[in-house]
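Worksheet: the structure to be examined is printed underneath.
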Amino acid sequence: MRIGIPRETKTLEGRVALVPAACADLVRRGHEVWIEAQAGIKSGFSDAQYEAVGVNIAPDAAALYEKGQMIVKVKEPIEGDLQHLRRDHLLFCYLHLAAEPALTRRLLDIGLTGVAFETVELEDGALPLLAPMSIIAGRIGVQVGTHLLHQPMGGKGKLLGGLPSTERGKVVVFGAGMAGGNSAELAASGGANVVVFEKRQDRMAQMMALGANVTALYPYEDVVARELATADIVVGAVLVTGARAPHVVTREMLRGMQDGSVLVDISVDQGGCFETTRPTTWKEPTYTEEGIIHFAVTNMPGAVPQTSSQAICAAILPWVDKLAGGDWRGNQALVRGINLDAGQLVHPALQGMSL
């Protein structure tokens, strides 16, 4: 199969879907691999490194999409990509269509088949292609939130971990999956008091095991409002596979928080789990509502492309190999990952969308 890897065009996105070593494996298996010129530069990979392992370099996006039968990229296609996609393309990337009705409509009109990284699902419900970026986003969320608490950034001017003679900062995390769990772990290791809201008992136990400064609670509305009132950083990491994220923090709850506190919405790709969330970019990452700084960048891991590209590539390569083999519809995890099939919206979580 001819596999095409385009250059990512989302604002300040530096990742590349497949690193040279992975491409070398695909070439050895008999596939023809093409990459758009300079696609790997921000991740630390030159065109020469790709050429050295047998990858063909396409001079621009038009040439890349023309050559490719399967398009493997990181983020969902935007305008520069959509003009090149065709009905016969098999698209494999993060799609996050639940929050993107306009994009969904465009892809349906094109008539292609799209398998989304975030909905490739194992029998036990695990999401192996979402996990590595969730881990990175969870850690970035706390790193960025800590910085935004600084007074020159508009924050309340608080050192998150505290020190003798001062109080510790407080981080509230919604969700104890890969993203939320990593946010909680990083915040706790930095000395903050951490409250994690989660419904699953096993995940609550995992969070409590992080340390004596971590508390795990069920998200009763009154309890949520109480904990938010004294929070310094709030991280939203709520996920319903393939579906739009539910709102767990209302505007009214924000009004009970202290000015200069920070909200980080990792769920923004799926529409966001805060009522006041709207998508932002790394170019303009924040805005303020009700005195609270909001950070809702839709490609958080894109800020660390050298790490992110290696992590995502290691996760997706076996699945790229299965898709390129041609008999992939016998693989139920990949079948569960199909969002669009020859112009039809097929994923159960998307079928009620208003388009």
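The values are calculated or read from the model by the stated rules, or taken from the named source; none is laboratory data. Small disclaimer: the values here were computed from a predicted structure and weren't measured. We place every Cβ from the backbone using ideal geometry, glycine too, and count neighbours over all the protein chains shown.
Observations on the model:
- Set N213, N193, N182: member being polar (S, T, N, Q) and under 22 Å from the mean Cα position of the chain (by Cα): N182
- Checklist (1) assigned to a loop (DSSP other than H, G, I, E, B); (2) in contact with a strand residue (DSSP E or B) (Cβ under 6 Å, 6 or more places away or on another chain) applied to V33, failing item: (1)
The rows are residues; the columns are (1) among the small types (G, A, S); (2) part of a helix (DSSP H, G or I).
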position	(1), (2)
G242	yes, no
L263	no, no
V268	no, yes
G272	yes, no
Y287	no, no
G302	yes, yes
L334	no, yes
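- Any hit, segment 136-147, residues being among the hydroxyl-bearing types (S, T, Y) and under 24 Å from F92 (Cα atoms): no
- Checking G260, G291, G326, G330 one by one, the residue that is at positive phi and outside the structural domain of G169 (by TED's automatic domain parsing) is G326 and no other.
- Filtered residue count, segment 242-260, keeping only those that are over 23 Å from the mean Cα position of the chain (by Cα) and surrounded by 19 or more Cβ atoms within 10 Å (Cβ to Cβ): 4
- Against the conditions (1) touching a Leu at 6+ places or on another chain (Cβ under 7 Å); (2) more than 21 Å from G162 (Cβ to Cβ); (3) part of a loop (DSSP other than H, G, I, E, B), M257 satisfies every one except (2).
- Hey, L217 closer than 30 Å to A99 by Cα and either without any contact (Cβ under 8 Å) to a residue 24 or more places away in the chain or of a type in the set (S, T, N, Q) (or both) or not: yes
- The residue that is surrounded by the fewest Cβ atoms within 10 Å (Cβ to Cβ), among those in segment 197-240 that are assigned to a helix (DSSP H, G or I) and among the basic types (K, R), is R226.
- You will find that of V335, V346, V304, the residue that is free of Cβ contacts under 8 Å to residues at least 12 places away in the same chain and out of contact with any strand residue (DSSP E or B) (no Cβ under 6 Å at 6 or more places or on another chain) is V335 and no other.
- When restricted to residues that are surrounded by fewer than 22 Cβ atoms within 10 Å (Cβ to Cβ), of a type in the set (A, V, I, L, M, F, W, C) and not in a loop (DSSP other than H, G, I, E, B), segment 274-285 contains 0.
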